Amino acid sequence: MVEVQEWQQKTPARNEYDPSDPTYYIGASLSDYGGISAYGDESQPHLIDIGSAQGVMDDEEGKEVYRLENLFRASELTQIKSNCETSPDDLISQQFYKWQKERFQTLYLVAIVDQANAGTSSSFKIAKDINEFFDPVYKNSRLGVHTYDQEGNDIACTFEL
């Protein structure tokens, strides 16, 4: 079970390093290797990012890095085909999913895992609308969502919903 250890601030705040960034965020630690951030306007979040990273000096296999199955039940997820997805076997993999659970609002997520020489990181971004991942207003919160194809060409992502 992943639980908040400590909130970094009590209320949503603007990006102090980029005054032109219109988004508000709030973040918390989840473990020694992971955290959660919510991005949106002053009144509500629009994107949630659950991420973790572990260097090879700590563990060559990255055992503490969050996996999809640590956060979501497979029975509640449907993978969405996209021209922006990459294989789970690639050094940087990206897949899109729809989360559905009875009596709950449908949510969309993108799962990104980066397996570099220095370590492994994962990021699970969650939104009510799949297009939210690509809204330029939230450019800081969508960092890591790749908009290129297998050959590295910048493209508009499409989805088979």
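The values are calculated or read from the model by the stated rules, or taken from the named source; none is laboratory data. Given the structure is predicted, the values throughout are model-derived calculations rather than measurements. No Cβ is skipped: glycine too gets one built from the backbone with ideal geometry, and neighbour counts run over all protein chains shown. Only protein heavy atoms, including side chains, enter the accessible area calculation; ligands, DNA and RNA are left aside. Shrake-Rupley method; radii C 1.70, N 1.55, O 1.52, S 1.80 Å.
Among the residues of the stretch 139-154, is any loosely packed, with under 13 Cβ neighbours inside 10 Å, over 24 Å from Tyr24 (Cβ atoms), in contact (Cβ under 8 Å) with a residue 40 or more places away in the chain and not acidic (Asp, Glu)?
Quick first cut of the stretch 139-154, residues loosely packed, with under 13 Cβ neighbours inside 10 Å only: 143, 150-154.
In the following step, the residues that additionally are over 24 Å from Tyr24 (Cβ atoms) were identified as 150-154.
Then drop every residue that is not in contact (Cβ under 8 Å) with a residue 40 or more places away in the chain, which leaves 150.
Going one step further and asking which of them are not acidic (Asp, Glu), we end up with 150.
The answer is yes, given that some residue of the stretch 139-154 is loosely packed, with under 13 Cβ neighbours inside 10 Å, over 24 Å from Tyr24 (Cβ atoms), in contact (Cβ under 8 Å) with a residue 40 or more places away in the chain and not acidic (Asp, Glu).
Tell me which residues, restricted to the stretch 5-18, are modelled with pLDDT of 80 or more and either among the aliphatic types (A, V, I, L, M) or loosely packed, with under 10 Cβ neighbours inside 10 Å (or both).
Selection gives Lys10, Thr11, Ala13, Glu16, Tyr17.
Suppose we filter Gln115, Gln105 for residues that are at pLDDT 90 or above and either over 15 Å from Ala38 (Cα atoms) or open to solvent by less than 50 Å² (accessible area, probe 1.4 Å) (or both); which single one remains? If you could, list the steps in order and put the result at the bottom.
Working: Gln115 fails: at pLDDT 90 or above.
Unique residue meeting the criteria: Gln105.
Residues are listed down the side, and each one gets a yes or a no for (1) in contact with a helix residue (DSSP H, G or I) (Cβ under 9 Å, 6 or more places away or on another chain); (2) charged (D, E, K, R); (3) modelled with pLDDT of 85 or more; (4) in a strand (DSSP E or B):
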{"position": "Glu3", "(1), (2), (3), (4)": "no, yes, no, no"}
{"position": "Ser20", "(1), (2), (3), (4)": "no, no, no, no"}
{"position": "His46", "(1), (2), (3), (4)": "yes, no, yes, yes"}
{"position": "Gln54", "(1), (2), (3), (4)": "no, no, yes, yes"}
{"position": "Gln79", "(1), (2), (3), (4)": "no, no, yes, yes"}
{"position": "Asp90", "(1), (2), (3), (4)": "no, yes, no, no"}
{"position": "Gln94", "(1), (2), (3), (4)": "no, no, yes, yes"}
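Exactly one of (1) charged (D, E, K, R); (2) closer than 19 Å to Phe159 by Cβ; (3) more than 14 Å from the chain's Cα centre (by Cα); (4) surrounded by 13 or more Cβ atoms within 10 Å (Cβ to Cβ) is unmet by Lys125. Its number?
Condition (3) is where Lys125 drops out.
On the given criteria, is Arg67 open to solvent by 60 Å² or more (accessible area, probe 1.4 Å) and touching a residue at least 40 places away in the same chain (Cβ under 8 Å)? Reasoning before the result, please.
On the way: open to solvent by 60 Å² or more (accessible area, probe 1.4 Å): yes; touching a residue at least 40 places away in the same chain (Cβ under 8 Å): yes.
Answer is yes for this residue.
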